[in-house]
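Notes follow once the structure below has been shown.
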Amino acid sequence: MKLKEIDRTANITWSPAEQYPVYLAAGTAAQQLDATFSTSAALEIYKLDLSEPGIKMRVSGSITTDCRFHKLVWGCHGMEDPETPSGYLVGGADNGNVFVWNPAKLLENQADPLVYKLSKHTGAVAALDVNPFQTNLLASGGSESEIFIWDLNNPTTPMTPGSKSQPPDDVTCIAWNRQVQHILASTYAGRCVVWDLRKNEPIIKVSDSMSRIKCKLSAWHPDVATQMCLASEDDHSPVIQLWDLRFATSPLKTLEGHQRGILSVAWCSRDPDLLLSCGKDNRILCWNPNSQAQTGEVVYELPTSHQWTFDVQWCPRNPGVISASSFDGHISVYTLMGSAPPQRRRRTSSNISDSFQNDPFSQQSSAPIQEEPPAEVAVLSKAPKWLSRPVGASFGFGGKLVCFENSKPGNPQQADERLVYISQVVTETELVSRSNQLEQALSNGQYNEFCSLKIANSQDELEQHIWNFLKVHFETEPRSKYLQLLGFDEAELMKKVTQAMQCEQDASAGVDASELAQKMALLNGKVCSFVGSSLLFVFQVSTLLPAEAGDGNIGNGSSAFDQIAGLQDYSEPSKSPLSFTVGEDCDGLVTQALLMADFQSAVDVCLHSNKMAEAIILAIAGGPELLERTQKAFFQKNKGSLSRIISLVVTRDFESVMQTCDLENWKEALAMALTYAKADEFTQLCETLGQRLEQHPTLAANACLCYICAGSLPQLVTCLDTLTQHSGSPDTLQDLVEKVMILQKAVELRDGQTQQVSSDILAQKLSSYAGLLAGQGNLNIALMYLSNSTEMSLAILRERLFCALGQRATAGSPPKPFQVVDVQPERAVSQQVAPAAAPRQPQQQRQQQQQQRQQQQPMSNQFYQTQANSTFETTTTSSSTYYNPNQYTGQSMGQTAPTFSSQQPAVSAASYGHTPATTSSGRARGPLGQKYPSYPQTTAPYDPYSTPYAQPGYTPNSYSGGQPTTSQPAQMYDPTSASTGLQPMSSGGPYAPAAAPSGHYGSATNGPAVPSYQENRPAGSWNDPPILKEKKKEVKYEAPAPITQPVFGVPTEQAPPDMTNYGANQMYNPQQAYQQQQQQQQPQQVRVAPSPAPPKPVVKAPIPPEHQVLEDIFSKVVNQCLHTTNNPQIKRKLEDVLRKLELLYDKLREQSLSPNVIVGLHQIIQAIQQYDYQTGLACHTQMISQGNFSEICSFMPGVKMLLQTAMQLQVYVQ
Amino acid sequence: MIHDAQMDYYGTKLATCSSDRSLKIFDVQSGQQTLLADLRGHEGPVWQVAWSHPIYNSLLASCGYDRRVIIWKETNGIWSKLHECSNHDSSVNSICWAPHEFGLMLACGSSDGSISIVSSTCDGTWEMKKINNAHTIGCNAVSWGPAIHPGALLEPSGGHKTVKKFVSGGCDNLIKIWREDDGQWVEEQKLEGHSDWVRDVAWAPSVGLPKSVIASCSQDCRVIIWMNDGKSGSWEPQILHKFNDVVWHVSWSITGNILAVSGGDNKVSMWKETLDGRWVCISDVNRGQGQVKEALTEATAS
């Protein structure tokens, strides 16, 4: 393909490879005249700008010259010199001069671009070459066999390679060897002489004694030092000879293809398999000189004009780009990779031939050898080297790096090394070792030790605190330990109190002892007398009025009094006679009130007269309500901090403590919660405090401690995440995960149950952590961090890890977190067009497809077996409907929808039938299955895809979303439905989780008659292993309620609200549609349509008898547990346990477990039978640590969970 | 001569392609290697292979000098041609599957200067769109942008519509970013930085942050990291390194934090961005040393 063109008759040279941008220098050609007969001459530099449209090249610099040129070369010498950043441009002129220019100056149109004018040659200089190794060495050849070697650094005295070759002749070509720097070839008319500059003499004369070729040109092999080619200008032998100087008696091979003399050859420096030649037959050929063909293989022929091309050159920088200069006044730039088919173009310009009818240069009319080129070759038939990537390293999952390389072609005969290396890239060695450490601690239960280690190694105080707090979780009486950590030690306090008491005593010792004693006695006496009397009285009252005061409170009150009495140690009440004052003063009023048991008034009076002690004491007697009020009044009167604290403690209003306390006193607040809060409110209190602390500019870090105390995992993660600056870095992530995992274990131990990872941020952290580990090749450990979550992003990674570990075959691998689309071969199109053809596919084909699916998803065997026995099948062709081409083509739905419906009348008919139902409701865009659920034939759960995968699975929303539009007329649908589907569900990542809609089929359509499907499948169970409970299946399928009327109009209100979003994910089953259509056509039949025979459940092989005990005991434990507890959470957990155990049973049936696993399991069973769950758990830990992870990972968590639950519930199984 | 070797999504299968016109598929699970298939169909050197996401049953696409793109599918362990596209006029140098969220879609860059985007509805019909003259004298590499909106992590509720984008590099020394706009592919951005053929481009996987990163390598021996902060439309270049030889290939790790650079001197180096935004070489992978754990010998080609 022609890229550019210059209208000049000129000799050209490309700028050297080192030069960017690429230029082309053109010097007016000597011995040639164009149609204008202009005798002016110029040197011009053109820029090759491929991003510029158009075929013309722009002149970047030019000068006029007083001579014309035979040859131009552009060397890279001096490019490091700022004076000559573009090297040197050299021209051999017809007047015998060699001009050396500075092209940089030319390009900037500066004065004096000429650097040297070398006048040594006696005649025209037709040959020039720059040494490729010593770029300052320039060889020039002129008439009379003159050859000079110039040093461009000091060109005053050129060297000669030796004595002149005889007979004296014009040097037509000169070429430095491409591999050995001191070897130079020169051609004269008909012969080639190779010089060794070290010896200063010709070392070999290359000439063919057999054939008489007139070699005009020579070119060295770019890679092989001893090989060269000679081209003959002679019309009688227009060949290129390939020589190897080691066998210089005859050419290696002769390339025959030109019909007339060859004017130029160029060997590609980037690919030695490419050699260009052009000749007087107007052709430009590209050869593979190294091919096996003896006469040469033409790999490309350029589309050319009808003019001779006298020069071809490879662009050194841009391989595949060549220049061709022709006598018709054009210099053309071609690409050999181009796309334009070679055509005999009309002459683009025919200045000369227009002027002369009989163009002397044109072969057009006179050439008898003119013929059409052979087969049109659009591109090089041989792949050029520059396209073939020799090396490559690509990442694969799990930090694997796949590298390949190809040995350098030092010896072309040497066979390629075909090696691919797979390496494990570990960039985070620190992370890996730390993660191993953590993993070990976790699996061996060495939490305490791990925490201690972390405490010892922690760098800063906060870190130490956090680990200290975490550690406490694993100690007995964590709360008092927390208090100690917060600086509240009971023993310490006792000491302080004693000390304080001592101080007081010491202080009082200084005062006059007797005086003090007197005062004390006086004081005591007063108080004593009053208190003593009232005490007595109150006792009487309380015994008198048990009923009024309330049953329980009397006891409390009296005991409180006992305490008071005990404390105050007044064993002897006043013996003075008791006198009742009933005056109008305070005492009198109180006395009166008391006499009437009007505690309230008595208290009021006391409060009024600020007799707090009396008021409180009276209130105690007056019952809890009064006490409370009195307390309140007391606290209102006493606003001091202490009394506030007392107030809060007494009122147990810890919530407001957390809400209002000065955050500087967070420790005290936390201590209060630790001391007083009940278990159920403790978490909440800690979290409240933590949330407040998080807002605090300097104390935020302490929020972590609160969360740790509370065991609030998600909050801890969020808090830690905001605290750390480079939260993405592996180290901080490791820090975080360590804390989180330890806390999780702690909570697990505390609550006796596994916490589900539910927080977004935690899931994301764990995901990126697992991703990091996976990236380091620690797939096993990575998988462990993902084992107990339902978060979507984790499920994707988990499935990937599972498969990467090669556990596809083992049961219990997670289902694919996406819905696999079976891409159809092109022949399937016809089937698609035929309406309802899909369900009628030959049985064989269906089976084949099923096998195929089985192949793809071996872990779901059981489903397929079930499916195989059922009377109906899904067809793979349904895949088309998962995916709506409209979204990709961007065409409007309106355009394509009719097309689709005409292709699939079954589909449209079905949907048409239900139009009333759907249009009547505003929310009618629910899934198809929801609308026609009650046809037994189409009971959705039968579809193996829709049950375990499709419904829970997340399909790429882009095609699932558009699915309804494919199958239904567009106007039926709320357009938002389609657009919702199209939008990326950013919250759910690429996969939009469907909310287990299967659960709703049963309940919504069959009503109570059918055992609710939902119960069997907990919401969000999409990533649980498929439930394979045969019994339930049977129940479900055998007892569909007889359908007595069509339920077209099932109100969509029954659709669970969360389905509206995901409804678009519903799979469309063409068979379903097909049946719909049939039903549509024969409505009568539909109404009485018998339900199909239920699929026979797969009969599993029995568990080997020696292991039957495992199933027996485990089942017993589960059942016992189920009976014992009412906690729905535990029940759900037990269901999960059952599922996992089922996988164990499967393995037992397959007898695929290794002996030590079997032994371990039996040990666990023994432990259970002996009611020794601790030992059972120890066995479990031991088994886990023994390895065999892949073998046991699917069920061991279930066993552990069961043991823990059973221990917690104190279930005992014989 | 091997030209490409790629692992599938799970890292359990390896596909290689070679100048001997063949593709080979190996099972490389757990250090083993088993030749699963030797695929013949190309009539010239096969330049690249690409695995689709398993959602499409891990299709394998290959492109070669014979101007063809072939999509292969496995059925019961037997691999066969699923589709063949021959709509280019010259060597097809690079192929890349779009993120599966975009559907089954493959971008192909060719020496004829054009880029074609082949897509299927999975029902056996295929559609092709072509960007003509995307890169004068040839496109050498294509790579899709992630489907997840950059920054989706930070603003998860933002209802950004993910725009389909890919990047290409070519013999015009340019890197171009293409965007699907109303069903048409338009040039969104032209990045100038290399002074010679761009040999490879690789759009880094999204890590949920707002920025987008593209790595490019070139005949000019340089690797450039282009970064877009997600706010403006501009891409800031940062020269990773100037190597001693042509850089042929760049590959991001799955997590997008490590870049493997393969040079013509048979050297592979790994690069990572430091926290302060510099790129540092973290290792040179030398064949047969240190980290290389498994070596796979391709069976001698016929």
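With a 10 Å cut-off around each Cβ of B:257-264, the average count of Cβ atoms from other chains is 5. Here the label points at A:GLN134 and A:HIS1162, each 7 Å from Cα along the C-beta direction, are separated by 8.7 nm in the simple model. With the highest mean first, a sort of the peptides A:703-713, B:123-133, A:230-240 on other beta-carbon atoms found within 10 angstrom per residue produces A:703-713, A:230-240, B:123-133. The H on the amide N of B:ARG222, modeled in the peptide plane, is under 5 Å from the matching H of B:PHE243, B:VAL247, each at least 5 residues off or on a different chain. Counting only the Cα atoms, region B:1-133 fills a convex hull of 96 Å³ per residue. Distances between placed amide hydrogens fall under 5 Å for A:TYR46 paired with A:LEU24, A:ALA25, A:ALA26, A:SER60, all partners being 5 or more residues away or on another chain. Taking only the alpha carbons of chain B, we obtain Rg and Dmax values of 18.6, 56 Å in that order.
When B:ARG67, B:ARG278 are compared by accessible area of protein heavy atoms, the largest-first order is B:ARG278, B:ARG67, using a 1.4 Å probe. In terms of overall dimensions, region A:1-143 has a Cα radius of gyration and Dmax of 14.7, 45 angstrom.
Per the Debye calculation on region A:459-498 with a single equal scatterer at every Cα and no solvent contribution, log₁₀ I(q)/I(0) for q = 0.20, 0.21 Å⁻¹ amounts to -0.63, -0.67. Across every direction, the projection of the convex hull enclosing the Cα atoms of region A:614-662 has a mean area of 3.5 nm². When nucleic acids and ligands are ignored and a 1.4 Å probe is applied, B:GLU180 ends up with an accessible area of around 30 Å².
Each label was represented as a point 7 Å from its Cα along the Cα-to-Cβ direction; for B:LYS242 and A:ALA613 these points are 9.3 nm apart. Solvent-accessible surface (1.4 Å probe) assigned to A:ARG178 amounts to roughly 90 Å². At 1.4 Å probe size, with the rest of the protein present, what percent of the exposed accessible area of region B:1-133 is carbon and sulfur atoms? Using a 1.4 Å probe with all protein chains present, region B:1-133 comes out at 43 percent carbon and sulfur.
Nearest 100 Å², what total accessible surface is buried between chain B and chain A (probe 1.4 Å)? So the buried area, both faces added, is about 9000 Å². Computed with a 1.4 Å probe over protein heavy atoms only, the accessible area of A:GLU52 comes to about 50 Å².
Among A:440-448, A:487-495, the peptide with the highest mean count of other Cβ atoms within 10 Å heads the list, and the full ranking is A:440-448, A:487-495. Taking all protein chains into account, the per residue accessible area for region A:1148-1214 stands at 44 Å² (1.4 Å probe). With a Cα cut-off of under 27 Å and a minimum spacing of 8 residues unless on different chains, the lysine pairs in region B:1-133 number 10.
Shielding by partners for peptide A:592-605, expressed as the average number of C-beta atoms from other protein chains within 10 Å of each residue's C-beta, is 0. In summary, region A:79-158 shows an alpha-carbon radius of gyration equal to 1.08 times the 2.2 N^0.38 Å reference for compact globular proteins. Sequence-distant contacts, meaning Cα pairs under 8 Å at least 6 residues apart, place the relative contact order of region B:1-133 at 14 percent.
Across all directions, the average projected area of the convex hull around the alpha carbons of region A:254-306 is 3.5 nm².
Out of every Cα-Cα pair in region A:655-728, what percent are more than 18 Å apart? I get 32 percent for the Cα pairs in region A:655-728 exceeding 18 Å. Summary value for chain B: 8 percent relative contact order, contacts being C-alpha pairs under 8 angstrom separated by 6+ residues.
If you wrap the tightest convex hull around every Cα atom of region B:87-229 and split its volume per residue, you get 101 Å³. Diagonalising the gyration tensor over the Cα atoms of region A:1146-1214 and scaling each eigenvalue by 5 before taking the square root yields semi-axes of 21, 12, 11 Å, largest first. Inter-chain neighbour count for B:244-254: the average number of beta-carbon atoms from partner chains within 10 Å of each residue's beta-carbon is 5.
The values are calculated or read from the model by the stated rules, or taken from the named source; none is laboratory data. Please read these numbers as outputs of a predicted model, since none were measured by experiment. With ideal geometry, Cβ positions are generated from the backbone for all residues, glycine too; neighbour counts draw on all protein chains shown. The protein model used for the area step is the full one, side chains on, heavy atoms only, and it has no ligands, DNA or RNA in it. Shrake-Rupley method; radii C 1.70, N 1.55, O 1.52, S 1.80 Å.
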